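Nothing in this text is a laboratory measurement; each read-out follows from the coordinates by a stated rule. Everything quoted here is computed from the prediction, not taken from an experiment. Reconstructed Cβ throughout: ideal geometry from the backbone, glycine too, with neighbour counts over all protein chains shown.
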């Protein structure tokens, strides 16, 4: 199960695709709670991308 949640090996391109998918999902949902949760996920993914690009 750790292999599914471990994200140390993601490339910047992988994280970018994840961000785009989260943005798309957030824009296409009408549920405000879901949108808020997706924005939190996006924030975390962008932090990870920034960290990876800074290495």
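What the table below lists for this structure:
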| read-out | value |
| --- | --- |
| Cβ-Cβ under 8 Å pairs, at least 6 apart or on other chains, the stretch 31-49 side without any contact (Cβ under 8 Å) to a residue 12 or more places away in the chain, far side not in a helix (DSSP H, G or I) | 35/29 |
| Tally of residues being part of a loop (DSSP other than H, G, I, E, B) and surrounded by 10 or more Cβ atoms within 10 Å (Cβ to Cβ) across the stretch 29-42 | 1 |
| The lone exception for residue 45 - which of (1) assigned to a helix (DSSP H, G or I); (2) loosely packed, with under 15 Cβ neighbours inside 10 Å it fails | (2) |
